[in-house]
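Laboratory data are not the source of any read-out in this text; all were calculated from the coordinates shown. Model, not experiment: these values are computed from the prediction. Ideal geometry is used to build each Cβ from the backbone, glycine not excepted, and the neighbour counts take in all protein chains shown.
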């Protein structure tokens, strides 16, 4: 998952990036159009950062768990929970690829731009499956395969994005059925050669059984 010290340092200014805010808005539009939130009671924003995606969904669920390994990011989430008075939110410091899992079960796990930091993809997908109720959803938003220039420093990066069939095969292998896949979104970043667009995919899959 994320490297704590790097993201602790970035936490206080994480929401200052307007490109990030616009991207989360578009991601939420896609997720909410393809998942029936009448069936979602308990959700988790895994690798939540400051909770930008989870707070989009918070009024549509009974409970939202914001999970991250960075104390700095979770501090920002807790500040927002307190400021806005969300009574259905909680934070959890955990790494589902290494460590104990919560006993609580969920209907939805969302994770955005996290999986390319995870070395143990098979382990974390298997654990996502364990945490979901039958018919529950995972929603993964991440980079399509890129040349390694998305991050200016690749410390803590496990994969330079993913090929479509590669990630689909891995998800299906771990007990999920693909409901939706799209690569219509992208993130702009300034690089030495100028502005560069990095394509992203949105994948939604259901736990079988």
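Equivalent-ellipsoid semi-axes (√(5λ), Cα gyration tensor) for the range 58-124, whole Å, largest first?
Values: eigenvalues 100, 42, 24 Å².
In descending order the semi-axes read 22, 14, 11 Å.
Between the range 174-199 and the range 24-96, what's the alpha-carbon centroid distance in Å?
21 Å
Is the shape of the range 1-77 best called rounded, prolate or oblate, per the rule: a/c under 1.5 gives rounded, else a/b larger than b/c gives prolate, else oblate, with a ≥ b ≥ c the square roots of the Cα gyration tensor eigenvalues?
Working: a/c = 2.58, a/b = 1.55, b/c = 1.66.
It comes out oblate by the Cα gyration axes.
Can you tell me the mean projection area, over all orientations, of the convex hull of the range 54-206's alpha carbons? Units nm², please. Don't skip to the answer; put the middle values down first.
On the way: hull surface 39.8 nm².
Computed as one quarter of the Cα hull surface, the answer is 9.9 nm².
Express as a percent, rounded to the nearest 5, the fraction of DSSP beta bridges in the chain (both residues included) that run antiparallel.
Values: 20 of 40 bridges.
DSSP beta bridges in the chain are roughly 50 percent antiparallel.
Hey, fewest Cβ within 10 Å first, where do 62, 144, 29 land in order?
Working: 62 10, 144 17, 29 13.
Ordered from fewest to most neighbouring Cβ atoms within 10 Å, 62, 144, 29 come out as 62, 29, 144.
Treat the count of other C-beta atoms within 10 Å as a stand-in for reagent exposure and order 123, 13, 91 from fewest to most.
Taking fewest neighbouring Cβ atoms as first place, the list is 13, 123, 91.
Would you please state which residues of the range 185-209 a label at residue 33 would reach in this model, taking the label point 7 Å out along Cα→Cβ and a backbone N cut-off of under 11 Å?
Residues 185 fall inside that zone.
Which of rounded, prolate or oblate describes the range 98-180 when judged by the alpha-carbon gyration tensor and an a/c cut-off of 1.5?
On the way: a/c = 2.26, a/b = 1.58, b/c = 1.43.
Prolate, because a/c is 1.5 or more and a/b exceeds b/c.
Sorting 110, 115 on the 10 Å Cβ count, fewest up front, what's the list?
Starting with the residue having the fewest Cβ neighbours, the order is 115, 110.
Taking only DSSP H segments of four or more residues, each worth -39500 (n - 2.57), what value at 222 nm results for the chain once the sum is divided by all its residues, to the nearest 500 deg cm²/dmol? Show your work: numbers first, answer last.
Details: 6 runs with 65 residues, N = 209.
Roughly -9500 deg cm²/dmol at 222 nm, from the helical runs in the chain.
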